[in-house]
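The values are calculated or read from the model by the stated rules, or taken from the named source; none is laboratory data. This one's a predicted model, so the numbers in the text were calculated from it and none came from an experiment. As a convention, Cβ positions derive from the backbone with ideal geometry for all residues, glycine included, and neighbour counts pool all protein chains shown.
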Amino acid sequence: MSAPVTNDGYGGVSTVGRLLLMQDDLIQEADEAFCRLFGFTPHALTGIRFESILTRASQILYQLHFSPSLRLNGKVEEGRFTLKSGRAETVKIVVAAIAIQEGNEACYELLICQDR
């Protein structure tokens, strides 16, 4: 990944992880902090669609609003979702995203914050 996660917070909430998505919403990379906090392994997340780790209601919000806004504007400052953790718990998260270049590929960097 191109930059380390910072804990300077986003909207008063500390950043707890970072995901790198390809343009087709497949997870290319998940940082160790995200995996550790939410009970995943990087290998298990690589190659799956981001929305597959969201609850059904959050999947709909992601597909109908967040993802199209990210593609159209190149960034989304805040999206609130409920994540299905690797420990079968649901966790409220806040996601900020931006389009970036990773090598020759356009992709999306998602900064994940745990909602309070």
Subset of region 62-116 (residues that are touching a residue at least 40 places away in the same chain (Cβ under 8 Å) and among the hydroxyl-bearing types (Ser, Thr, Tyr)): 67, 85, 108
Selection from region 101-114 of residues that are modelled with pLDDT of 85 or more and either out of contact with any Gly (no Cβ under 7 Å at 6 or more places or on another chain) or outside any strand (DSSP E or B) (or both): 101, 104, 105, 106, 107, 108, 109, 110, 111, 113, 114
Lone unmet requirement of (1) exposed (fewer than 14 other Cβ atoms within 10 Å of the Cβ); (2) over 15 Å from residue 50 (Cβ atoms) for residue 114: (1)
